[in-house]
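A.B. asks: Structure provided below as structure tokens; questions to follow.
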Amino acid sequence: MEYDKPQIITFDKIGSSQLGYITIAETQKNVPFEIKRVYWTYYTPHDVTRGGHAHKALHQFIFAVSGTITFNTEDKDGSKEIFTLDHPTKGLYIPKLVWRDIQFSHNAVLLCLASEVYDEEDYFRDYEEFKKTTDKG
Ligand code: TYD
């Protein structure tokens, strides 16, 4: 796995259809950073787009533990992609400097593992500012 591009990694699951499943995210095993913060979002209406930001240093692994979540991303090189999380084993790795817009199915629960504690100074919330910074290389 190369860690400079956003990408979906499928995590292992343990269990069976009879018993149900467990999936594990663990620092240095399948998560390439020390997890400093975990947050989750829920009840986002289908017609709402969240995200609308990029991070200066933070990286993340994001899961749809329930429902379906779609990410429109643009990385620091201007490369745009669409990622769909539609299964609890799928994790989207997002390195720093990736703009993302996010849409949710009505039942979606987004779980985020983050490499840093919350710091509003780490955000680009203005797209033009993000583009100006990344264009400079
Ligand atoms: P934001 O990162 O903009 O969420 P999203 O990308 O899902 O739209 O955060 C939404 C609000 O929550 C914003 O006011 C900042 C606050 N917040 C914290 O206080 N701590 C956190 O760890 C996070 C992720 C957000």
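The values are calculated or read from the model by the stated rules, or taken from the named source; none is laboratory data. In this text the structure is predicted, and so the values were computed from the model without any measurement. Note that we place each Cβ from the backbone using ideal geometry, even for glycine, and neighbour counts take in every protein chain shown. Heavy atoms of the whole protein, side chains included, go into the accessibility calculation; ligands, DNA and RNA do not. Shrake-Rupley method; radii C 1.70, N 1.55, O 1.52, S 1.80 Å.
A.B. asks: First check a/c for the chain, with a ≥ b ≥ c the square roots of the eigenvalues of its C-alpha gyration tensor; if it is under 1.5, answer rounded, and if not, answer prolate when a/b is larger than b/c or oblate otherwise.
C.D. replies: Working: a/c = 1.94, a/b = 1.48, b/c = 1.31.
It is prolate, given that a/c is not under 1.5 and a/b is the larger ratio.
A.B. asks: Enumerate by residue number the trypsin sites (Lys or Arg not before Pro) in the range 9-42 meeting two conditions: DSSP loop (anything except H, G, I, E, B), and at most 11 other Cβ atoms within 10 Å of the site's Cβ. List each step's numbers first, then the result.
C.D. replies: On the way: sites: LYS13, LYS29, LYS36, ARG37; in loops: LYS13, LYS29, LYS36.
Sparse-neighbourhood loop trypsin sites (Lys or Arg not before Pro): LYS29.
A.B. asks: So, one more: If you take the charge dipole of the chain about its Cα centre, with +1 on Lys and Arg Cβ and -1 on Asp and Glu Cβ, which of ASN30, HIS59, GLN103 is farthest toward its positive end?
C.D. replies: Positive-end residue among those listed: ASN30.
A.B. asks: Any chance you could check the Cα centroid distance between the range 1-64 and the range 76-103 for me, in angstrom?
C.D. replies: If you average the Cα positions of each part, the centres end up 10 Å apart.
A.B. asks: Any idea of SER66's accessible area? Nearest 10 Å², probe 1.4 Å.
C.D. replies: 40 Å²
A.B. asks: So, one more: Indicate the gyration tensor shape class of the range 62-137 (rounded, prolate or oblate), computed on the Cα atoms with a ≥ b ≥ c the square roots of the eigenvalues: a/c under 1.5 is rounded; otherwise a/b larger than b/c is prolate and the rest oblate.
C.D. replies: On the way: a/c = 2.28, a/b = 1.70, b/c = 1.34.
In terms of gyration-tensor shape, prolate.
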